[in-house]
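The values are calculated or read from the model by the stated rules, or taken from the named source; none is laboratory data. Computed from a predicted model, the values in this text were never measured in an experiment. Quick reminder, even Gly has a Cβ in these numbers, built from the backbone with ideal geometry, and neighbours come from all protein chains shown.
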Amino acid sequence: MTRRTVRIAMNGVTGRMGYRQHLLRSVLAIREQGGVDLGGGETLWPEPVLIGRRDHALREIAERHGLTEWSTDLDAVLDDDTIDIYFDAQVTSARVEAIKKAIDAGKHIYTEKPTATDLEGALELARLARTAGIKHGVVQDKIFLPGLLKLKRLIDGGFFGDILSVRGEFGYWVFEGDWQDAQRPSWNYRAEDGGGIVVDMFPHWEYVLHELFGRVLSVQAHVTTHIPQRWDEQGKPYAATADDAAYGIFELEGGAVAQINSSWAVRVNRDELVEFQVDGTHGSAVAGLRNCRVQHRSATPKPVWNPDLPVTESFRDQWQEVPDNAEFDNGFKAQWELFLRHVVLDEPYQWDLLAGARGVQLAELGLRSSAEGRRFDIPELTL
Ligand SMILES: NC(=O)c1ccc[n+]([C@@H]2O[C@H](COP(=O)([O-])OP(=O)(O)OC[C@H]3O[C@@H](n4cnc5c(N)ncnc54)[C@H](O)[C@@H]3O)[C@@H](O)[C@H]2O)c1
């Protein structure tokens with residue numbers, strides 16, 4: 001076996017996503033499995049160089065995982081010709097500037113979503129990347145989740161007949177931070193720091209809907225801030241200026257309608273933190289992160305509306321679990337492997353900065369829809 005090393009500057013690895021999903025569960029997990037098998041006796045070996053603002057935090061992470069390279073000087077790392085890829089999991093508001101520098105330095109780009117806080121910034125990155133001729137990818141992890149992979153399998157197998165509608169429920173209670181610590185960073189709740197549930201979640205809904213059901217043709221949303229005051233990491237109160245709930249309706253190419261509620265101010269009465277119910281003429285499914293259950297038209301009960309009588313059957317028990325029939329890897333890792341293969345083998349890869357810009361576009365038009373009380377068509381993006 002020969003080893004082909006790919007050096008990746010990883011920025012934002014002290015953060016929740018950067019550390020857990022990207023460093024630990026993806027790049028280090030790939031190393032633990034011996035690299036990515038490229039065929040022909042060759043293995044791809046990712047070599048992370050940790051980037052951040054605090055030297056001691058980077059050193060601590062590096063030492064914990066037996067890594068030897070870290071830096072607080074992004075410019076110097078980008079100047080290093082041996083670095084192949086720049087990866088960004090910083091706070092959203094710091095992303096555009098750093099990615100621009102990395103494109104300028106000729107690095108391939110892999111980044112968390114949203115790629116920018118507005119469409120203009122997202123499109124600029126996509127254009128710069130195209131002009132520079134580098135390879136680029138954006139995290140679109142949800143389509144690699146077992147539940148959604150099973151849903152995709154059902155769609156591809158023709159289970160649904162005509163798909164009529166998609167109902168998504170996403171959310172959980174994020175503590176305010178006074179009597180119990182908040183379980184998400186406080187910048188998420190400040191618009192001025194790039195926070196807000198629409199900017200965070202609509203990019204996910206864009207690629208999930210687009211990839212599974214068809215392009216999003218229009219958006220109508222009601223966006224609000226249910227919890228106006230929160231407490232930050234230091235226990236100090238602050239005004240929550242960003243939206244924490246969004247109720248959106250999306251028309252899809254092919255005629256289906258999607259309605260997705262996203263909220264950090266809802267208590268979970270579901271099996272998973274996100275669930276999508278898909279109803280079709282021949283069957284329905286409810287898919288979450290891991291599981292997916294179905295009901296075929298032949299097994300559909302015939303309830304009759306009569307509020308005077310108690311319910312006599314358990315509707316939830318009438319659904320059937322879709323079997324795994326495969327081993328599912330961590331979604332972030334699966335996408336990293338595809339991106340790395342794209343970089344070194346030039347294999348096709350569709351989740352690029354233009355795809356990322358579509359997510360930012362949906363968020364931007366969703367916010368405008370709510371602010372102006374209008375429904376917006378979504379123009380198809382080109383560079
Ligand atoms: N794909 C997903 O499912 C998913 C989920 C959550 C968050 N995200 C995205 O990942 C990114 C990081 O989110 P997170 O939840 O890990 O955030 P986090 O606050 O935990 O981490 C942010 C990182 O950015 C760094 N940073 C750089 N400049 C900063 C600044 N000016 N202020 C504060 N921190 C700064 C921090 O040091 C830290 O390493 C965001 O863009 C977010 O939208 C993606």
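Observations on the model:
- Which numbered condition THR72 fails, given (1) surrounded by fewer than 20 Cβ atoms within 10 Å (Cβ to Cβ); (2) touching a Lys or Arg at 6+ places or on another chain (Cβ under 7 Å); (3) within 24 Å of PHE332 (Cβ to Cβ): (3)
- Among the residues of region 1-27, those identified as within 13 Å of the ligand (Cβ to nearest atom) and either modelled with pLDDT under 95 or not aliphatic (A, V, I, L, M) (or both) are ASN11, GLY12, THR14, GLY15, ARG16, GLY18, TYR19, ARG20, GLN21, HIS22, ARG25, SER26.
- Options ARG31, ARG59, ARG20: the member that is more than 29 Å from GLU97 (Cα to Cα) and in a helix (DSSP H, G or I): ARG31
- Residue count for region 135-163, restricted to those that are of a type in the set (Asp, Glu) and free of Cβ contacts under 8 Å to residues at least 40 places away in the same chain: 1.
- Positions within region 28-52 being among the acidic types (Asp, Glu) and either within 16 Å of the ligand (Cβ to nearest atom) or farther than 22 Å from VAL13 by Cα (or both), in sequence order: ASP37, GLU42
Listed here are the residues, each with its yes/no results for (1) assigned by TED's automatic domain parsing to the domain that holds LEU338; (2) touching a Gly at 6+ places or on another chain (Cβ under 6 Å); (3) of a type in the set (Lys, Arg).
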{"position": "VAL36", "(1), (2), (3)": "yes, no, no"}
{"position": "GLU60", "(1), (2), (3)": "yes, no, no"}
{"position": "THR82", "(1), (2), (3)": "yes, no, no"}
{"position": "GLN90", "(1), (2), (3)": "yes, yes, no"}
{"position": "GLU97", "(1), (2), (3)": "yes, no, no"}
{"position": "LYS101", "(1), (2), (3)": "yes, no, yes"}
{"position": "GLU120", "(1), (2), (3)": "yes, no, no"}
{"position": "LEU123", "(1), (2), (3)": "yes, no, no"}
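- Under the condition of being surrounded by 15 or more Cβ atoms within 10 Å (Cβ to Cβ) and more than 20 Å from TYR238 (Cα to Cα), the residues counted in region 153-197 number 13.
- Selected residue [within 16 Å of the ligand (Cβ to nearest atom), surrounded by 16 or more Cβ atoms within 10 Å (Cβ to Cβ) and touching a residue at least 60 places away in the same chain (Cβ under 8 Å)] from LEU58, LEU125: LEU125
- Restricting attention to region 135-193, the residues that are among the acidic types (Asp, Glu) and assigned to a helix (DSSP H, G or I) total 4.
- TYR247 being within 27 Å of PHE376 (Cβ to Cβ) and surrounded by 18 or more Cβ atoms within 10 Å (Cβ to Cβ): no
- Enumeration of residues in region 194-221 that are near the ligand (Cβ under 10 Å from one of its atoms), farther than 23 Å from GLY280 by Cα and in a helix (DSSP H, G or I): VAL199, ASP200, MET201, PRO203
- Candidate set: region 311-334, residues that are under 26 Å from TRP351 (Cα atoms) and not charged (D, E, K, R); chosen: the one farthest from the chain's Cα centre (by Cα): ASN325
- You will find that of VAL294, VAL304, VAL360, VAL268, the residue that is part of a strand (DSSP E or B) and either at pLDDT below 95 or under 23 Å from LEU145 (Cβ atoms) (or both) is VAL294 and no other.
- Exactly one residue out of THR82, THR92, THR68 is of a type in the set (S, T, N, Q) and within 19 Å of the chain's Cα centre (by Cα): that is THR92.
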